[in-house]
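Structure, as structure tokens:
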Amino acid sequence: MHELSVCQSLLREVERAAAANGSRDVTRIVVAIGPLAGVDGALLARAFDVARGGTIAAHAALDIEALPVRVRCRICAAETQTPANRLLCGRCASWQVDLRSGAELLLKRVEMTVEADAAASAS
Amino acid sequence: MCDQCGCAATPDVVRIADHQGAVSMRPVSARSVEILTGILDANDRAAAHNRAHLGRHGILAVNLMSSPGSGKTSLLEQTIDAVDGRFRIAVIEGDLETENDARRIRAKGVPAVQITTGQTCHLDAQMVHDALHALNLDAIDVLLIENVGNLVCPASFDRGQHANVALLAVTEGDDKPAKYPTMFRGADLIMLSKIDLLDVLGDFSPAKAEAHVRALANPAEIMRTSARRPETLAPWIAWLETRLAHSRAAV
């Protein structure tokens, strides 16, 4: 599965964020995934357990927020929540809709400890 | 209190061992940083680089995706024959193992680079970037990328293509778009392949397949093709020519 590849990309972004803040210890990572990103949250969590070994996030918790699929109708302008495989307007059932949310694969937040010296120089 | 030696360290002090093994005590603070970047941003940047690089050469890059065995390589073989040199094709083949598909393409006199991904279930932008180095971009008009046969993973990674084509063989279920929405939502063109078998099988409904695609809010054109009936490929060749004209005009 590609969740391991996604995890390795995630850890590179986390390492970048930690370096930018002078941290050597990440405690929590928050990601947000929409159903249309094609990434399974449970598999991502298991892949994370494997991929984090030896990295700056070796002891970090991973929080995965599941985002809803929302579409905005081009016909009646309603914005409604839909299942991932039925992107029809919830009001008028048109398929001429634009996706407003549901395809995200986002790193939202990184929590870390920062040494006082580094905190002073990075801020 | 430190839980290892019982010293008087408080929770906001951490023990940090330097490379010589010496331990220092330094105050630390917790920091929470809002990031909001895409997890695949690095891949997306590499894909944008590929797209720009191909664009400078006026090359149209098309990524083909489907289940294994739905006829991607046969489509490529017949496409090469049908185009008959009117534009120059190169192919990047993605499979877990073997050079078999690249050999089939090279037998048609067309340059082909095989990427064997090992256990990786998809092609990413870096793999395609490396493969581009093995091709003479000044001698190519259309680059066809045959992704690893898989309806799940390839849908999540941009490679720098200009268009995605998804094949759905009539030997599969007509509800595949509902089962694999990420793949079929992102397709710019959908081909119902092995269409010559439609009447033999009798249980695949092109109308239902189309309804499932539309339910993904995807207006993509749906073509009916068979690699065994070269005349069915004419709309596909015309589609490539139209897109190629756009790529050339954008240089």
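Data table
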read-out: Scan of segment A:45-67 for residues that are within 13 Å of the chain's Cα centre (by Cα) and either within 18 Å of residue B:181 (Cβ to Cβ) or of a type in the set (Asp, Glu) (or both), ordered by number; value: A:63, A:65, A:66, A:67
read-out: Selection count, segment B:194-209, where residues are open to solvent by 50 Å² or more (accessible area, probe 1.4 Å) and more than 22 Å from the chain's Cα centre (by Cα); value: 8
read-out: Qualifying residue in segment B:70-84 (condition: surrounded by 15 or more Cβ atoms within 10 Å (Cβ to Cβ) and part of a loop (DSSP other than H, G, I, E, B)); value: yes
read-out: Selection within segment A:9-44 - farther than 28 Å from residue B:184 by Cα, among the hydroxyl-bearing types (Ser, Thr, Tyr) and crowded, with 17+ Cβ neighbours inside 10 Å; value: A:23
read-out: Counted residues, segment B:189-202 - those being at pLDDT 95 or above and not in a helix (DSSP H, G or I); value: 6
read-out: Filtered residues of segment B:210-236 (kept if farther than 10 Å from residue B:196 by Cα and aliphatic (A, V, I, L, M)); value: B:211, B:213, B:215, B:216, B:217, B:220, B:222, B:223, B:233, B:234
read-out: Residue tally, condition in contact with a Phe, Trp or Tyr (Cβ under 6 Å, 6 or more places away or on another chain), more than 21 Å from residue B:227 (Cα to Cα) and surrounded by 22 or more Cβ atoms within 10 Å (Cβ to Cβ), over segment B:134-176; value: 0
read-out: Filter result (open to solvent by 60 Å² or more (accessible area, probe 1.4 Å) and within 17 Å of the chain's Cα centre (by Cα)) within segment B:31-68; value: B:44, B:45, B:49, B:51, B:68
read-out: Condition met for residue A:52 (of a type outside the set (A, V, I, L, M), open to solvent by 10 Å² or more (accessible area, probe 1.4 Å) and without any contact (Cβ under 8 Å) to a residue 40 or more places away in the chain); value: no
read-out: Residues (in contact with a helix residue (DSSP H, G or I) (Cβ under 8 Å, 6 or more places away or on another chain), polar (S, T, N, Q) and either without any contact (Cβ under 8 Å) to a residue 60 or more places away in the chain or assigned to a strand (DSSP E or B) (or both)) located in segment B:30-60; value: B:37
read-out: Of all residues making up segment B:213-235, the number that are part of a helix (DSSP H, G or I) and under 21 Å from the mean Cα position of the chain (by Cα); value: 1
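The values are calculated or read from the model by the stated rules, or taken from the named source; none is laboratory data. Please read these numbers as outputs of a predicted model, since none were measured by experiment. Here the Cβ is made from the backbone with ideal geometry for all residues, glycine too, and neighbour counts use every protein chain on show. Remember, those area values only see protein heavy atoms, side chains included, never the ligands or the DNA or RNA. Shrake-Rupley method; radii C 1.70, N 1.55, O 1.52, S 1.80 Å.
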